[in-house]
Amino acid sequence: MATASVSFKSREDHRKQLELEEARKAGLAPAEVDEDGKEINPHIPQYMSSAPWYLNAERPSLKHQRKWKSDPNYTKAWYDRGAKIFQADRYRKGACENCGAMTHDKKSCMDRPRKLGAKWTNMHIAPDEKIETFELDYDGKRDRWNGFDPSSFARVVERFETREEVRRKYLKEQQIKKLEEQQRNPDNEGVVSDEDDDEDDLKVDEAKVDESKQMDFAKVEKRVRTTGGGSTGTVRNLRIREDTAKYLLNLDVNSSYYDPKTRSMREDPLPDADPNEKFYEGDNQNRISGQALDFKQLNIHAWEAFEKGQDVHMQAAPSQAELLFKNYKVIKEKLKSQNRDTIMEKYGNAASEETLPRELLLGQSEREVEYDRAGRIIKGQEVVLPRSKYEEDTYANNHTSVWGSWWKDHQWGYKCCKQLIRNSYCTGSAGIEAAEAAGDLMKSNIALKEATEETPEKHEEKQLATWGTEVPQDLVLDQKLLVESLKKEDQRKKEEKDERKRKYNVKWSDEVTAEDMEAYRLKRIHHDDPMKDFLH
């Protein structure tokens, strides 16, 4: 039951509510009505019919189960492609300098660049495009068919029907010609050649084959009898039983891979053998030789022609695709020979014995260009290089060179002032001199600092005896220090035996002198030696 906000009910009210729900489910009581006057199904579970507490529902309703948060701003419309809104008669300020439309600038113009734009000619002003902005919802952004016009498919249907009509007309004309020939030659009525049968078979419309032929369409003519009495499918990969199988030609594990499922071995199993003695060179040999290569080129030509707009399909009309490919090769060869003849006629043939003309050798021409001493053109005109529609040779901040004309220490800069900071103001030769002076001053300061730096004094390191080292032959020990070391060793051993004699503040020194090492060796007993087991 669709309930409103939960409120406290007594036990008696709760019992009456349950009895009313059971009566509504049994059809003995009328169903509950929502805010809009619609009946609520009593069999809806309570967890679906009860509204959340934060909605503050005063009356029973099922609105919380519907899409109640729909945004009215969302739309399912799409852009009106190619729509124009206004056609101006004169050029307006701020419009595109090329075509005259107000909806874009010259850099974003998609029209052909004019020799003189609409800004100067004031003619052929292009209309303004219709610019729209839509706020799509979640489904609208992900709808792959959004903006598709179903009426555009009518062109496909119309083209198919036109082709079918031309096909029927052609077949009817061929049948009429055939009947006229039979009437002219009544003696050859019973004789039907194989070519006529082939032509009749080709003229049959494949889309309108009768039911009997459709039933036998998947029938396999070639069958092989088996020992069990049944028959297999198509015959493939058959060989003479006396021939050696391809997987037995080379028993090396690292040789060509043989796939037992498809019975194929693409690579050559014996690449080092004599080609005249081999009868099998791998399955790839069939793919790169003979008619397979021609068929591959035919497929590629059909794909490329289809992408360029021609109605060519290799599977739908193979004869048409093959005829177009033949014509393409003939035209290509003709153009190649024509291009070769044009080049030879213009530049001559180095392999021939004909001498080149004098005008071509000296590079002379009929055009006359006169210059002054400064190199400026006085008479005639040079070939003007095509300029880009983007800005070129613009120097900012008083620079005389562009950014990137100077390179130093893995950084780009301006060549005119040798600055490495982009968009900086040009300082000219004064800036170059100041930069060089600053560099020289920095180098002199570094050299002065290195010269005035004090070298640290070298302290002599004490050569201390290390544990585990052998006693050198020329070791000289101080007897007084040795006696003191022996006393220290005795004191250390007493402290090891009785830890109570160890003082609270123990001074520890990790420096071991040669006298301390000698005292340790003298006081050491045999069972303390870790290498005693290796002596016997």
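The values are calculated or read from the model by the stated rules, or taken from the named source; none is laboratory data. What you see is a predicted model; the values in this text were computed from it and never measured. Reconstructed Cβ throughout: ideal geometry from the backbone, glycine too, with neighbour counts over all protein chains shown. Accessible surface is based on the protein model in full, side chains and every heavy atom, while ligands, DNA and RNA are left aside. Shrake-Rupley method; radii C 1.70, N 1.55, O 1.52, S 1.80 Å.
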Seminar exercise, completed: Of the candidates Gly233, Gly147, the one satisfying the condition of being assigned to a loop (DSSP other than H, G, I, E, B), modelled with pLDDT of 60 or more, under 45 Å from the mean Cα position of the chain (by Cα) and not hydrophobic (A, V, I, L, M, F, W, C) is Gly147
For this session: Within the stretch 114-141, track down each residue that is farther than 30 Å from Lys67 by Cα, assigned to a loop (DSSP other than H, G, I, E, B), open to solvent by less than 100 Å² (accessible area, probe 1.4 Å) and touching a residue at least 24 places away in the same chain (Cβ under 8 Å).
Result: Asn122, Ile125, Ala126, Pro127, Lys130
Seminar exercise, completed: Asp149 fails exactly one of (1) open to solvent by 40 Å² or more (accessible area, probe 1.4 Å); (2) touching an Asp or Glu at 6+ places or on another chain (Cβ under 8 Å), namely (2)
For this session: Output yes when any residue across the stretch 298-321 is closer than 30 Å to Arg263 by Cα, in contact with an Asp or Glu (Cβ under 9 Å, 6 or more places away or on another chain) and open to solvent by 100 Å² or more (accessible area, probe 1.4 Å), and no when none is.
Result: no
Exercise. Using beta carbons and a limit of 8 Å, which pairs, at least six apart or on different chains, have the first residue in the stretch 243-261 and touching a residue at least 24 places away in the same chain (Cβ under 8 Å) and the second one basic (Lys, Arg)?
Worked result: Ser256/Arg266
Problem set entry | Residues of the stretch 261-297 satisfying the condition of being open to solvent by 70 Å² or more (accessible area, probe 1.4 Å), in a loop (DSSP other than H, G, I, E, B) and out of contact with any Phe, Trp or Tyr (no Cβ under 8 Å at 6 or more places or on another chain) | Lys261, Arg263, Pro271, Asp272, Pro275, Asn276, Glu277, Phe279, Ile288
For this session: Could you grab me the full set of residues in the stretch 397-445 that are of a type in the set (Lys, Arg) and surrounded by 14 or more Cβ atoms within 10 Å (Cβ to Cβ)?
Result: Lys415, Lys418
